Ligand SMILES: Nc1ncnc2c1ncn2[C@@H]1O[C@H](COP(=O)(O)OP(=O)(O)OP(=O)(O)O)[C@@H](O)[C@H]1O
Ligand code: SF4
Ligand SMILES: [Mg+2]
């Protein structure tokens, strides 16, 4: 029998608060590029490279980084929309797709995703109430119960069921459609919701309303979020921890106060200095980052940021800096590794 019927409140916590809700280890995804002899792939886009991350129960982990750094690929790997070349995912202690673990289907029930494009992700021929009820019905919930759940969720996302239930996607505004997508993502009572630029396409005032709704839903439904956005202010507002990505790797990760208040990696500093700030005292002195990131088909040796880093030295080209503990955050930079050989590193 399906878990959704046995456990009407959703999947209970199993490993206790200290056990990560999600732990991904050594994730790698290289996309082959066809074009070699007889169309055989000779090169690859190194979209995500040996990336390890954990998401704690109840937190919001923000993910930032320039376009193409691999944010969406990480999200798609975590819910197995694409299969990793290497690496594993463990959900509350259960390995995914391994003999003694949980299936990919079970993972996708507990981890849901909301995308940016609200229109493309809705079926134009289903009413809103049918759209939200679809997955619970497919998981074995009787039609009447699924419909009731769907109407409850509509109310939760601020769409009055009597007004909206029988409407079709084209009859809704962008903000309303995104509320429907959020309701649909919640219909299987997930524990983790991945929001990939989920509010980015909305007008600022609508975006603020939907963000506030996400904050309320999180505490009401005991959710955990992975929040991907190019908007550094929104990420700061929403996140408990923040992960900064550059060319398929994590360059810095830590508590939101540490990342925004005391960024350690030159890339994080450049990224933050480029954002508009209302308060001149909070502007950093760092030069904003120049140019585009290098091609992920052939990333620089050693530290991938070295071609744009004002502090790059010999060691940066030779050795990849490890993601090392630096107090409130972890940073991948030779300047922070004692004895690394960088002139700004402490002596061990
Ligand atoms: N299916 C695919 N085939 C080939 N390359 C891909 C594929 N999906 C993504 N890529 C490449 O992988 C890299 C990472 O892409 P990804 O979409 O994860 O970046 P992103 O950080 O989400 O960017 P954005 O901020 O623009 O959404 C990019 O170079 C992209 O072109
Ligand atoms: S490792 Fe070197 S190139 Fe990379 S960020 Fe640090 S100083 Fe710059
Ligand atoms: Mg993306």
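The values are calculated or read from the model by the stated rules, or taken from the named source; none is laboratory data. Note that this is a predicted model, so its numbers are computed, not measured. No Cβ is skipped: glycine too gets one built from the backbone with ideal geometry, and neighbour counts run over all protein chains shown.
A few points about this structure:
- Test result for residue 42, away from ligand 3 (no atom under 16 Å from the Cβ), at pLDDT 95 or above and surrounded by fewer than 17 Cβ atoms within 10 Å (Cβ to Cβ): no
- The stretch 82-106, residues that are outside any strand (DSSP E or B) and touching a residue at least 24 places away in the same chain (Cβ under 8 Å): 82, 84, 85, 92, 93, 104, 106
- Test result for residue 61, more than 16 Å from ligand 2 (Cβ to nearest atom) and either assigned to a helix (DSSP H, G or I) or buried (at least 18 other Cβ atoms within 10 Å of the Cβ) (or both): yes
- The listed residue being assigned to a loop (DSSP other than H, G, I, E, B), buried (at least 20 other Cβ atoms within 10 Å of the Cβ) and touching a residue at least 12 places away in the same chain (Cβ under 8 Å), out of 199, 193: 199
Here is a yes/no grid of residues against (1) away from ligand 1 (no atom under 16 Å from the Cβ); (2) more than 26 Å from residue 296 (Cα to Cα):
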| residue | (1), (2) |
| --- | --- |
| 199 | no, yes |
| 206 | yes, yes |
| 209 | yes, yes |
| 213 | yes, yes |
| 220 | yes, yes |
| 232 | no, no |
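- For residue 243, the conditions (1) free of Cβ contacts under 8 Å to residues at least 40 places away in the same chain; (2) within 16 Å of ligand 3 (Cβ to nearest atom) all hold with the exception of (1).
- Yes/no for residue 139 being within 30 Å of residue 258 (Cα to Cα) and at pLDDT below 95: no
- A single entry from 319, 297 fulfils the requirement of being more than 16 Å from ligand 3 (Cβ to nearest atom), modelled with pLDDT of 95 or more, surrounded by fewer than 17 Cβ atoms within 10 Å (Cβ to Cβ) and over 24 Å from residue 242 (Cα atoms): 319.
- All of (1) away from ligand 2 (no atom under 16 Å from the Cβ); (2) at pLDDT 95 or above; (3) under 17 Å from the mean Cα position of the chain (by Cα) hold for residue 115 with one exception: (2).
- Per the listing 55, 74, 45, the residue uniquely closer than 17 Å to residue 192 by Cα, out of contact with any helix residue (DSSP H, G or I) (no Cβ under 7 Å at 6 or more places or on another chain) and within 14 Å of ligand 1 (Cβ to nearest atom) is 74.
- Among residues of the stretch 18-28 being under 30 Å from residue 217 (Cβ atoms) and at pLDDT 95 or above, the one that is surrounded by the fewest Cβ atoms within 10 Å (Cβ to Cβ) is 25.
- Count - residues of the stretch 119-154 that are surrounded by 14 or more Cβ atoms within 10 Å (Cβ to Cβ) and in a helix (DSSP H, G or I): 20
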